[in-house]
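To start, the structure itself, in structure tokens.
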Amino acid sequence: MAAPQTTSPVTLHVNGVAHRRELDHRTTVLDALREHLGLTGAKKGCDHAQCGACTVLVDGRRANSCLLLAVAHDGAEITTVEGLADGDDLHPLQAAFLEHDGFQCGYCTPGQICSAVGMIAEAGEGAPSHVTPLAAGPPGVPVPLSPDEIRERMSGNLCRCGAYVNIVAAIGDVTR
Amino acid sequence: MSTDPVRLEGREKVTGSARYAAEHTPPGTAYAWPVPATVALGRVLSVDTGAAMAEPGALAVLTHENAPRLKDVEDRTLLVLQNDRVPHRGWYVALAVAETPEAARAMAAAVRVAYAPEEHDAVLTPEHPRLYFPEEANSGIPACRERGDFDGAYARAPVRIDATYTLPGLHNHPMEPHATTARWEDGRLFAHDSCQGATAVQETLAALFGMDKERITVVAEHVGGGFGCKGTPRPQVVLAAMAARHTGRPVKAVLPRAQLAAVVGHRPPLIQRMRLGAGEDGVITALAHEVTTQTSTVREFVEQAAAPSRAMYVSLDSRTTHRVAALDVPSPSWMRAPGEASGMYALECAMDELACAAGVDPVELRVRNDTATYPDSGKPYSSRHLVECLREGARRFGWDARDPRPRSRTEGRLLIGSGVASSFYPVYLMPSSAQAQVTGAGRYRIRVNATDIGTGARTVLAQIAAEALGVAQDLVAVEIGSSALPAAPLAGGSAGTGSWGWAVHKACRTLVGMIDERGGTLPTDGLTATADTGEDIASDPPHAKASFGAQFAEVAVDTDTGEVRLRRLLGVFAAGRVLNARTGRSQFIGGMTMGVGMALMEGSTMDARFGDFAERDLASYHVPACADVRGIEAHWIDEHDPWLNPMGSKGIGEIGIVGTAAAIANAVHHATGVRVRDLPLLPEKLLAGLERPR
Ligand code: FES
Ligand code: FES
């Protein structure tokens, strides 16, 4: 019997660039980015989908990339923190994090920023959160991002430095 | 928003280009995955590596039988894979090394270790037979102090409090796990290490491997938090260096999150008995703070929780003691404000109980017990603005409108209450060296092996240099985070800015003198000034020095569920000159946020049967999330103190966590009338009190 196949060719489109690699089936999207593509912006905080440090956008949705197997994401469009700025011009969220000091050690920061990008889109599509009032209007109507909405929706991204106050202010600045 | 400079490395951090220790991949890098012991005490009988080595991509399994030999060092938590002893569960017994992280992990799972287990004892009790009085507690203070006649004064006091407060083990859990990328080249060792001080790591590696430290370079350019658990070298750097030597390859070792609790230190569980005796006016006449805690059999660490009781309030007759038991548990160590965070929880809750018993407002009680001298030595404080912090905080918080009676404010099924506590942190300073250079073209470069673990050190050192040089900050470049730079102390004890900054300031002033000597003309090849503050830091200064503060909390307690929600937390601090308002505020708020965790959710339980912490990952060990933190404000009082250092700064990295848990616990008592003396304030503990008929 032939040895079982343990690797496969996988193409990931990251920040608009296609990367084709022969990857171990156990390799996560996070490890593919960090160890195979040299894109270390997405961080590994727990490797167990418990901290949000590895948050990237997969086909436009925020996701914990440590929980995704690369082989199952052949062809996916992935945006990492490295893909947010426009040349030297920071993405408005990046600029707001810098101005509001929305980080200290910076390790949770790429995840926070990618998460915020995804979160703003979700609210814009009318996706409710745990704190959205029931009377908030019909589906599809954008949910206004109050500080409570931001706090609730950003709670999947832990920050041990305790920069939450400034993170909420930075996101609020961009969504206001 | 402050006009002070944003973080110099901020752009790299928000764009993802800042590289942390595990984000360097030299050609040929191999990956390591440690194997922790699965017994709480005993010996390794054998390690079967056959299945592990059969894994495709396997390179080696290091065990105590084949790992490079290390020289003895004081911190024996670093002597990994040197013998067959297992002093506690989670102690490393092997290291798998492979071509890929996936293979290393699979190998680690396939390593079969046979043990000869022994009977272990992992749970601290108030009368544990292994308890003893150590000589010293952490920070080198005497473990026991007795002044005057506590027993007599306490017996005579008309108002007395006798209460015991307990704290579970707490874990630092910086978001970046401990990580090292190490390689050997021509007998030289290079390591990117996630640490709070690359000089200390370099020196320790030199001692462990018996090498000249000049042949070791340790780099810590960006560090994803530490909070004390990266303050000393940790096993990952030793394991990575051993594996790199053994395999002849660069090796990356990142500790898995769930292994951290056992090998990187933690705040140990503490039992604190507080006795306060006071007059009818609430002025303390007798104070006893008796601490019972644990350490491991590997290393003695005694959290100095009684230390704040020697510093805070008038107390002529006092007893402050530490007892410790060396159990078969992981080694505790520094976690943000070791001693102060834990000790002030007990002292400041006891102060609240005293305020209630004496019928004195809690702010007023602290004002009445203020002292201008450090009670334990009688030395005057170089500056102490505790009272000003209390008053300013009370004003900003709206404290005067508070009805002092517990359970006096309800909103439907919610009980609302507020509480106050003082904050305190000593001023530490450590000798440092630094270099200031100017190029012929008039650009400046500062070189010092400081570490920025998120404090904003790089930025504040540039500010200090620009001010001392009298030039615009954009002419100053700062190089930190490498042992190849002038030696400097670790980022710890809230002493970084003061210690490094003093050396930078001194080097800059020397450089200015050199430039002036040349009539202001710069030689084409530039000038370099080197400074060392070894002799500037007095060993027996005439003053006691510390930062002070006051924190005010408002909570809502759900009477149906027992859940405590923090509504507001406001801190006012007196911490010398705050050199960068933008990043300084972040330090205070960050500490307070960690204090919210200590108060409401953080806690690690020791499994008596397995000798294991039950909560080892971020799903079970709860740290504050964004939704837990609302309305945290930090303010400070301008303090001008000429006795500190040339910048006039005190440390601010730790004081934020000191007092937070007490302010919240006191607010919970005010809201509910229930006194829970065991952190964290979980719903089940409160429900038990809320259900009791009152
Ligand atoms: S690393 Fe993916 S959630 Fe923590
Ligand atoms: S900035 Fe350090 S963990 Fe968030």
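Taking H as built 1.01 Å from N, whose amide H comes closer than 5 Å to the amide H of B:Thr285, not counting residues under 5 places away?
Close amide H contacts, sequence-distant or interchain: B:Gly277, B:Ala278, B:Gly279.
In whole Å, what is the distance between the alpha-carbon centres of region B:72-142 and region A:125-176?
43 Å
Can you list the GluC sites (Glu not before Pro) in region B:226-312 that are in a DSSP coil and have 15 or fewer other beta carbons within 10 angstrom?
Qualifying residues, ordered by number: B:Glu280.
Residues of B:564-570, mean number of Cβ from any other protein chain within 10 Å of their own Cβ, rounded to a whole number?
Taking the mean over all residues of the peptide, I get 0.
Dipole size in debye (nearest 20) for region A:1-151 around its Cα centre, Lys and Arg Cβ +1, Asp and Glu Cβ -1?
Computed charge dipole of region A:1-151: roughly 420 debye.
Tell me which of A:His100, A:Gln112, A:Cys54 sits at the most positive position along the dipole axis of chain A, charges placed on C-beta atoms (Lys, Arg +1; Asp, Glu -1).
A:Cys54
Using a basic spin-label model with each label point 7 Å from the Cα along Cα→Cβ, how many nm lie between B:Asp532 and B:Glu563?
5.9 nm
Excluding B:Gln259 itself, calculate the net charge of residues whose Cβ lies under 13 Å from the Cβ of B:Gln259, where each Lys or Arg counts +1 and each Asp or Glu counts -1.
Summing Lys/Arg as +1 and Asp/Glu as -1 gives +2.
Around B:Met107, with a cut-off of 13 angstrom between Cβ atoms, what is the net charge of the other residues, counting Lys and Arg +1 and Asp and Glu -1?
-1
To make sure I understand the rule: partners must be lysines, Cα under 26 Å from the Cα of B:Lys650, and not fewer than 8 residues away in the same chain. Which ones qualify?
The reachable lysines, counting only those whose Cα sits under 26 Å from B:Lys650, are B:Lys230, B:Lys379, B:Lys506, B:Lys545.
Anything in chain B that counts as a DSSP H helix reaching 20 Å or more along its axis (C-alpha) with Kyte-Doolittle mean of at least 0.0? List them, would you?
B:340-358, B:496-517, B:581-600
Could you work out the local net charge near B:Pro680, counting Lys and Arg as +1, Asp and Glu as -1, over the other residues with Cβ closer than 13 Å to its Cβ?
My count for the surroundings of B:Pro680 gives -3.
By count of other Cβ within 10 Å, fewest leading, how are A:Lys44, B:Lys213, B:Lys379, B:Lys230 ordered?
Result, fewest neighbours first: B:Lys379, B:Lys213, A:Lys44, B:Lys230.
So, with +1 on the Cβ of K and R and -1 on the Cβ of D and E, and no other charges, what is the size of the charge dipole of region B:175-239 about its Cα centre, to the nearest 20 debye?
140 debye
So what is the relative contact order of chain B, in percent, for Cα pairs below 8 Å that sit 6 or more residues apart?
16 percent
First measure r as the distance between the Cβ atoms of B:Glu517 and B:Glu136, then evaluate 1/(1 + (r/R0)^6) with R0 = 51 Å and state the FRET efficiency to the nearest 0.05.
According to the calculation, E is roughly 0.60.
Once amide H atoms are built 1.01 Å from N in the peptide plane, which residues 5 or more positions from B:Arg567, or in another chain, come under 5 Å H to H?
For B:Arg567, the qualifying residues are B:Glu554, B:Val555, B:Ala556.
Excluding same-chain residues fewer than 8 positions from B:Lys213, which lysines have a Cα within less than 18 Å of its Cα?
Of all the lysines, those that pass the test against B:Lys213 - Cα under 18 Å, at least 8 places apart if same chain - are B:Lys71.
If the reach is capped at under 12 angstrom between alpha carbons, list the aspartates and glutamates near A:Lys44, excluding any in the same chain fewer than eight residues apart.
Partners within reach: A:Asp31, A:Glu35, B:Glu23, B:Glu176.
Have a look at B:Val420, B:Pro431, B:Tyr444 and report the one farthest towards the positive end of the charge dipole of region B:398-469, computed about the Cα centre with Cβ charges (Lys/Arg +1, Asp/Glu -1).
About the Cα centre, the residue reaching furthest to the positive side is B:Val420.
Only Lys, Arg, Asp and Glu count, each charged at its Cβ (+1, +1, -1, -1), so figure out the dipole size of region A:7-83 about its Cα centre, rounded to 20 debye.
160 debye
Which FRET efficiency value, to the nearest 0.05, do you get for B:Ala688 and B:Thr373 by plugging their Cβ-Cβ distance into 1/(1 + (r/R0)^6) with R0 = 60 Å?
So, using R0 = 60 Å, E works out to roughly 0.90.
Name the residues whose placed amide hydrogens come within less than 5 Å of the amide hydrogen of B:Ala634, ignoring near sequence neighbours (fewer than 5 apart) on the same chain.
Distant-sequence amide H within range of B:Ala634: B:Gly571.
Would you calculate, for chain B, the mean residue ellipticity at 222 nm contributed by helices, counting each DSSP H stretch of 4 or more residues as -39,500 (n - 2.57) and dividing by all residues, to the nearest 500?
-7500 deg cm²/dmol
Only loop residues by DSSP count here, and only those with at most 12 other Cβ atoms within 10 Å; note down the trypsin sites (Lys or Arg not before Pro) in region B:60-121 that meet that.
B:Arg69, B:Lys71
A short reminder: the numbers here are calculations on the coordinates, not readings from a lab. All values derive from a computational prediction rather than experimental measurement. Glycine also receives a Cβ, built like all others from the backbone with ideal geometry; neighbour counts cover every protein chain displayed.
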